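Student: The structure under discussion is supplied below as structure tokens; questions concerning it will follow.
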Amino acid sequence: MEDCIFCKMVKGEIPCRKVYEDTGFLAFLDINPQAPVHVLVIPKKHVARLSETGDRELLGSLLSIASAIAERENISGKGYRIVINTGREAGQTVDHIHLHLLGGRKMNWPPG
Ligand code: 5GP
Ligand code: ZN
């Protein structure tokens with residue numbers, strides 16, 4: 001999608017610090033990290049938000065890629081948080097589905 005910043009990252013038009021890439025997915029460091037480890041995992045295909053897809057393979061891949069990155073970043077043992085903000089009220093600011101992987105510090109509950 002033309003005006004989507006995450007699609008531009010997929011195309012290499014905007015730089016990002018990649019931590020994982022395969023034919024269908026990309027993971028990179030969040031520009032404004034909220035934890036010592038803050039990685040965004042996205043499908044290369046543009047999907048605006050969670051509520052706009054029923055693609056189980058795509059959704060499962062987001063989770064398994066995040067889990068593998070958590071292992072590699074050594075945050076699996078202590079624990080980490082996965083977040084998918086969906087829609088404005090939940091705080092979604094980029095309309096290209098993305099999974100936040102957050103870890104490396106104690107998390108609070110409930111989230112704000
Ligand atoms: P949301 O609020 O939509 O759930 O998350 C969007 C995330 O994208 C935010 O955490 C924000 O910091 C991150 N972000 C926005 N623009 C950029 C960018 O240009 N580069 C990177 N690496 N992250 C971005
Ligand atoms: Zn996009």
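The values are calculated or read from the model by the stated rules, or taken from the named source; none is laboratory data. Predicted model, so just to flag it, every value in this text is computed and none were measured. Positions of Cβ are generated from backbone atoms using ideal geometry, with glycine treated the same way; all protein chains shown enter the neighbour counts. Only protein heavy atoms, including side chains, enter the accessible area calculation; ligands, DNA and RNA are left aside. Shrake-Rupley method; radii C 1.70, N 1.55, O 1.52, S 1.80 Å.
Student: Assuming residue 17 fulfils every condition listed in (1) within 11 Å of ligand 1 (Cβ to nearest atom); (2) closer than 25 Å to residue 89 by Cα; (3) of a type outside the set (Asp, Glu) apart from one, which condition is it?
Tutor: Tallying (1) within 11 Å of ligand 1 (Cβ to nearest atom); (2) closer than 25 Å to residue 89 by Cα; (3) of a type outside the set (Asp, Glu), residue 17 fails exactly one: (2).
Student: Right, residue 74: within 16 Å of ligand 1 (Cβ to nearest atom) and open to solvent by 50 Å² or more (accessible area, probe 1.4 Å) or not? Please lay out each step first, then the result.
Tutor: Working: within 16 Å of ligand 1 (Cβ to nearest atom): no; open to solvent by 50 Å² or more (accessible area, probe 1.4 Å): yes.
Against the criterion (within 16 Å of ligand 1 (Cβ to nearest atom) and open to solvent by 50 Å² or more (accessible area, probe 1.4 Å)), residue 74 does not qualify.
Student: For a quick check of your reading of the model, give me the residue pairs whose first member lies in region 1-24 and is open to solvent by 40 Å² or more (accessible area, probe 1.4 Å), whose second is of a type in the set (S, T, N, Q) and at pLDDT 95 or above, with beta-carbon atoms closer than 7 Å and at least 6 apart or on different chains.
Tutor: Sorted first by the residue in region 1-24, then by its partner, the list stays empty.
Student: Could you grab me the full set of residues in region 44-67 that are of a type in the set (Gly, Ala, Ser), open to solvent by 60 Å² or more (accessible area, probe 1.4 Å) and in contact (Cβ under 8 Å) with a residue 24 or more places away in the chain?
Tutor: Taking region 44-67 as the starting set, the residues that turn out to be of a type in the set (Gly, Ala, Ser) are 48, 51, 54, 60-61, 64, 66-67.
Within this subset, residues satisfying the condition of being open to solvent by 60 Å² or more (accessible area, probe 1.4 Å) are 51, 54, 64.
Correct list: 51 only.
Student: Take residue 52 and decide whether it is away from ligand 2 (no atom under 16 Å from the Cβ), at negative phi and of a type in the set (Asp, Glu). Before the answer, list the steps.
Tutor: Numbers: away from ligand 2 (no atom under 16 Å from the Cβ): no; at negative phi: yes; of a type in the set (Asp, Glu): yes.
When the stated conditions are applied, residue 52 does not pass them.
Student: What are the pairs, 6+ residues apart or on separate chains, where a residue within region 78-99 that is under 19 Å from residue 4 (Cα atoms) has its Cβ under 6 Å from a residue that is exposed (fewer than 12 other Cβ atoms within 10 Å of the Cβ)?
Tutor: 85/91; 86/51
Student: Of the conditions (1) more than 18 Å from residue 7 (Cβ to Cβ); (2) basic (Lys, Arg); (3) in contact with a helix residue (DSSP H, G or I) (Cβ under 7 Å, 6 or more places away or on another chain), residue 44 satisfies every one except a single condition; which number is it?
Tutor: Single failed check for residue 44: (1).
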